2 protein chains.
Amino acid sequence: MDNDDLRRGKLTTHKVYGESIAVLAGDALIALAFEHIANATVGVTPDRIVRIFSELGKAIGSQGAVAGQVMDLLLTGSSDVGLEQLEYIHLHKTALLAEVSAVMGAILGGGSDEEIEKMRIYARCTGLLFQVLDDILDATKSSEQLGKTAGKDLMTGKTTYPKLLGLEKSREIAEKLNREAKEQLSDFDPEKAAPLVSLADYVLNRQN
Amino acid sequence: MDNDDLRRGKLTTHKVYGESIAVLAGDALIALAFEHIANATVGVTPDRIVRIFSELGKAIGSQGAVAGQVMDLLLTGSSDVGLEQLEYIHLHKTALLAEVSAVMGAILGGGSDEEIEKMRIYARCTGLLFQVLDDILDATKSSEQLGKTAGKDLMTGKTTYPKLLGLEKSREIAEKLNREAKEQLSDFDPEKAAPLVSLADYVLNRQN
């Protein structure tokens, strides 16, 4: 539980119910995600459902969010975290969850392989963009503007994009990710793609 | 880690790699199970694969193994664990894993709904039988015969079938479960069902 949660009186599962129950709740929720997809998906051919199980399993497991969290744990407290490692953590812990959500939607919606891969890259770029912006906002905004403690990354010695590359270069990376995300949408019906364009822009321009 | 593991120098994941990595390994393995089924199942129609996802999710999650483990945690140290609670723990922690394995096999093998349900009850009875026998052996055999510490359940105050019902009644329950398991097999081709008959008898008659 970080200090912001503590200050707001927000307790986390393991504080309220203990570590064992928290771990078991996590296990149960992973299983429930798969069970729910199997039971509640209607109007989709079963081969597409099987395909999203493969995507979801990969996104969670040892090549996905777990890999990102393990890397994060191993590097916590380390003073020489490089750009490659920072990106690895963000891509696996955050971007992959955006990615698999978009990919599952594309698969269930009947997308072609090409469309599915475009949605994958769109969401990966937007997910990573979200993290880069988080780092930029932490370094540039006041706590009041953010609604949470500003400058926390600097205080805790956390590696961030501004720390590794400076603010200007971090901004450039954010803008490049936004462009790359939107490029993936160019072959879709503009009306249908509009919410996704707006989302990528919102993530780039958010102020807190 | 229990004392038998310690004595044999067998270390568990959380001792070697720490709690966080052990928890993450558990998460990754649950995801891998689903991913592997999605990727590696061949020659089976996708609708049957979706059905086993539903079964597996339910067996692991908050109505399955996790429920059994939570009940076990909540009752640890309690002096008034009754038969109903003991059976709940064994059915959910152990028998359900046998059950879902058998059910998934029956589904993948193209079994009818009736055949699948018979396999379910066969495996549930055999799984519970395994636990009843565990309790009986702990109370009746020497450590040398068992290959692990005998009488451990009594020493640790653990609730067991012999403790609740006595040895004779526990034996009767074991024999009844063995019969119920085998009854489920009566409509299958005897030659194909023979290994399952042997398994139920082996679990009843095992000496360690």
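Every read-out reported here was derived from the displayed coordinates using simple, explicitly stated rules and does not represent laboratory data. These numbers were taken from a predicted model, which means no experiment stands behind them. Positions of Cβ are backbone-derived with ideal geometry, glycine not excepted, and every protein chain shown enters the neighbour counts.
Structural remarks
- Virtual spin-label span in nm between residue B:169 and residue A:15, 7 Å along Cα→Cβ: 4.7
- With the label put 7 angstrom out from Cα along the Cα-to-Cβ vector, residue B:179 ends up 7.9 nm from the copy partners, going from closest to farthest.
- Which of B:96, A:165, A:133 has the fewest Cβ neighbours within 10 Å, and the rest in rising order: A:165, A:133, B:96
- Other-copy label distances relative to residue A:78, 7 angstrom Cα-Cβ extension, nm: 4.5
- Positive-end residue of A:46, A:97, A:73, charge dipole of the range A:35-193 with Cβ unit charges: A:73
- 17 Å reach of a label modelled at residue B:149, 7 Å along Cα-to-Cβ, counting backbone N of the range B:70-113: B:77
- Taking chain A and dividing mean pair separation by its residue count, relative contact order in percent (alpha carbons under 8 Å, at least six apart): 17
- Charge tally for residue A:112 (other residues, Cβ to Cβ under 15 Å; Lys, Arg +1; Asp, Glu -1): -2.
- Whole-Hz Karplus values for the range A:25-35 come out as 4, x, 4, 5, 5, 4, 4, 5, 4, 5, 4 Hz, taken residue by residue from phi with 6.51 cos²θ - 1.76 cosθ + 1.60 and θ = phi - 60°; glycine and proline positions read x.
- Most mobile of A:85, A:145, A:131 in a GNM of chain A (Cα contacts under 10 Å): A:145
- By definition, a body whose alpha carbon gyration tensor gives a ≥ b ≥ c is oblate when a/c is 1.5 or more and a/b is not larger than b/c, and the protein assembly as shown fits this oblate description.
- The ranking of B:121, B:52 from fewest to most other beta carbons within 10 Å of each one's beta carbon is B:121, B:52.
- Over 32 Å apart at the Cα level, from the set A:169/B:15; A:15/A:93; A:141/A:192; A:158/A:182; A:15/A:58, are A:169/B:15; A:141/A:192.
- Gyration tensor verdict on the range A:45-205 (Cα atoms; rounded if a/c is under 1.5, prolate if a/b is larger than b/c, oblate otherwise): oblate
- Electrostatic tally near residue A:187: other residues with Cβ closer than 11 Å to its Cβ, Lys and Arg +1, Asp and Glu -1, net -3.
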